[in-house]
Structure formats: structure tokens, C-alpha cells
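Values quoted throughout were computed directly from the atomic coordinates according to the rules given, and no laboratory measurement underlies them. The shown structure was predicted, so the numbers you read here are calculated from the model rather than taken from an experiment. Positions of Cβ are backbone-derived with ideal geometry, glycine not excepted, and every protein chain shown enters the neighbour counts.
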Amino acid sequence: MRTALCTDPLFLQHAEPPGHPERRARLEAVTAALDRSGLVERCVRLAPRRAELSELALAHDAQFVAALQAQIEGRSGFVDPDTYHSPASWSTALYAAGAAIDATRAALSGDVDAAFVLARPPGHHAESRRAMGFCLLNNIAVAAAVARAQGADRVAILDWDVHHGNGTQEIFWRDPNVLYLSVHQYPFYPGTGANAEIGEGEGRGTTLNVPLPAGMGPDEYDFVFDHIFMPALRAFAPALILVSAGYDAHVDDPLANMRLVEKSYAGFVHRLASLGKPLVALLEGGYDLHGVSASASATLDSLLHPAPCRQGVAQCAPPAEESCARTRAALTGTTLGLALADAA
Ligand SMILES: [Zn+2]
């Protein structure tokens, strides 16, 4: 597929305090691995720009954005015990959101089929009115909201980061036109993402959570894709698929306890690419330098070279099958619940 790549050394200006896992070396390792892979030359390069405040306001409360800027611009400190900022973090966060918006726009317009955004700080924990979990602004939510404002009728956000994307879920909790799908370690930070969390009001049934216990691996994730995510995406028929591409479910990740390998992410991309929709992946977590760089390389390689993959895993650990069944049960009576019941 014709694929855009958006990354830039400026994303290293968000500078961590000593010992923090969300560190510049992550992005340096990923870009070095991509440079060595020869994949970069096959991509369309996109230069990032700062998001406009009016774009941020589509996903965030404008007063929150103004207060965050006043608190962190030009200063080092913490917005919560996990979430640091350095003097350039505000500007860098605007560029990360702007990169997500422009990559999404490029895919939606048909200029490219797919895009991969390698930016920091990450975004999926940031809520409409709160920065948290290493995240200042919710890049993927801003990109989805801009896509909606520009005429995309329905947008899907699939989150394979090992942590639940509480911020993305909160922002679209009542929105029937944005489907949020997450598979994550549970119970775990940030504590949300139970099967019963399916959205409310008009958005009831367009939030799908598949929590998994620690220790799950490629077969369990493939099972979730084939039995929940893929049928839900086919039924929802989004104009665009955005991916919160964290790589902290990799077996080597120091913060979490799952067992994915780099090849697992290629399988996810191949499945999603088979739907034939514009596809945009955004880096979220992933804290083992080899794990994150090998997995990001596998993601970009599979965006550039879609291939059929084995689907319909026959065997997986019972907790994953049980979690899929609970998600299906929670969605009973909703449109996507019907589609999942038919697919089961
Ligand atoms: Zn994470």
C-alpha cells in the first residue's frame, strides 16, 4: 500500500526526567531500526505541523487546553506522578497532534492508503479534561474528531496498546459515529476497560473492550481480532481505521506481562488492511527498545506489503474466549452485538 511516514527529530524535545520509561531513546531506537530496514525510502514522508487550538477543541475541553498550556509551556514538572513535561513539551505535544491530523487527512483524501505516525508524547490516556499516563493531549482522538468534522461519517479507533485507552474511550463514550475497540491487560493501569463498558446514550454499543489477564500471547490476541474486532469493524463499516499502536504487549516489555512478538503486529495489520479502508497507526507505548523497534518495523513493513494471513485461530487460552463471550453478552441488543452474535 502507498504509505506515509510521519516522524521528526523534534519529537525528541519532549525530554524525560532520569529513569522515566517514556524516554527519547524509544523513538531513537525505532527510527534507527526503520533506517536500517530500508522501509523508509518506500514511504511518502510527511512533515509534522502544530495542531491548531480549534482542532484540539474538537476532542478536548478548551479550558483544559488553555490551563494545560499555562501550566507546562516552557517549564519542567509533572501534571501527575507519572506524567512529566519539559520546557518544549507543550510545543512537541502540538506537533504530535498535528502529525496525527495530517496523516489521517492524507489517508482519508486518498493521497495514501495508509500512514504511520511516530511521535511523542503519546496520547491515549489523555481525557477531554485531564492529562495522565505519560499523555498530554489525545492525538488519536483529535485526529478522529477532525476526520469526523471534515465529513468522515464513521471512524473506528482500534487500540492494541497493552493499557486501556481510557482517554479515547471517555472522549467518544456517547458518540455513535466513533467506534472504540480495545484489547488490554486487565486488571492493570489505568483500571478501566471492563467488558461491561460499552458506551452510553447514543454511543451505547460503539465502545468494545476485551480485557485479558496477564500472560496472554499471539493466539489469544488473534482470537480477539478474528472473533470480535474484525466482525465489529465489518458491521460498523468505518470510513477510516485509526490504530493506537502501542507495543507494550510485546513479550520483552518491562511494564506489562503479555507475550506478543513483533510478528504478531504484522498479523494485526494484515487483518485490518484486508478491510480496504484508509489505515493510520500512531505510536503509543512500548518500553523495551528492541521490542518497540522490531514491532514498529513489522508494522510499517506490513502496511507497505499487505498479505493474507491465517485467520480463525482454533485454539486459545480459555480466559480470552471467556472475555470475548462477556463482551458479546454486554453488547446484546445493540447493532454490533447482533453482528457479533451472527459471527460467533
Ligand atoms: Zn501502554
Worksheet entry | Residue-count net charge about GLN185 - beta-carbon cut-off 13 Å; Lys, Arg +1, Asp, Glu -1 | -4
Item to complete: Work out how much length HIS290 to ALA47 would gain on full extension: take 0.36 nm times their residue separation and subtract the Cα-Cα distance, in nm to one decimal.
Response: 84.9 nm
Worksheet item: Which residue, GLU220, GLU170, GLU52, tops the fluctuation ranking in a GNM of the chain built on C-alpha contacts under 10 Å?
Response: GLU52
Discussion item. Please report, in whole Å³, the volume per residue of the convex hull around the C-alpha atoms of region 1-100.
Written reply: 117 Å³
Item to complete: Go ahead and set up a Gaussian network model of the chain, Cα springs under 10 Å, then flag whichever of VAL44, VAL251, VAL280 fluctuates most.
Response: VAL44
Worksheet, complete the sentence: In region 3-343 the DSSP beta bridges are antiparallel at a rate, in percent to nearest 5, of 15 percent
Item to complete: Please get the size of the charge dipole for the chain, origin at its Cα centre, with Cβ charges of +1 on Lys and Arg and -1 on Asp and Glu, quoted in debye to the nearest 20.
Response: 540 debye
Worksheet item: Could you work out the helix-only [θ] at 222 nm for the chain, with each DSSP H run of four or more residues adding -39,500 (n - 2.57) and the total divided by the number of residues, to the nearest 500 deg cm²/dmol?
Response: -11500 deg cm²/dmol
Worksheet, complete the sentence: Note on the chain: alpha-carbon gyration tensor, axes a ≥ b ≥ c; rule is a/c under 1.5 for rounded, else prolate if a/b larger than b/c, else oblate; result rounded
Item to complete: Could you work out, for region 207-318, what percent of all Cα-Cα pairs fall into each 5 Å distance bin, beginning at 0 Å and stopping at the bin that holds the largest distance?
Response: 2, 12, 22, 25, 23, 13, 3, 0
Worksheet item: Relative contact order for the chain using alpha-carbon pairs under 8 Å, separation at least 6, rounded to a whole percent?
Response: 19 percent
Practice prompt. Return the loop-located trypsin sites (Lys or Arg not before Pro) in region 250-344 (DSSP other than H, G, I, E, B) with at most 12 other Cβ atoms within 10 Å of their own Cβ; answer none if there are none.
Written response: ARG310
Worksheet item: Karplus couplings for region 194-205 from phi (6.51 cos²θ - 1.76 cosθ + 1.60, θ = phi - 60°), rounded to Hz, Gly and Pro as x?
Response: 6, 4, 6, 7, 10, x, 9, x, 5, x, 5, x
Worksheet item: Once amide H atoms are built 1.01 Å from N in the peptide plane, which residues 5 or more positions from PHE116, or in another chain, come under 5 Å H to H?
Response: ALA4, LEU5, CYS6, ALA281
Worksheet item: If you line up the long axis of helix 89-109 against the longest principal axis of the chain, both from Cα atoms, how many degrees apart are they, to the nearest 10?
Response: 50 degrees
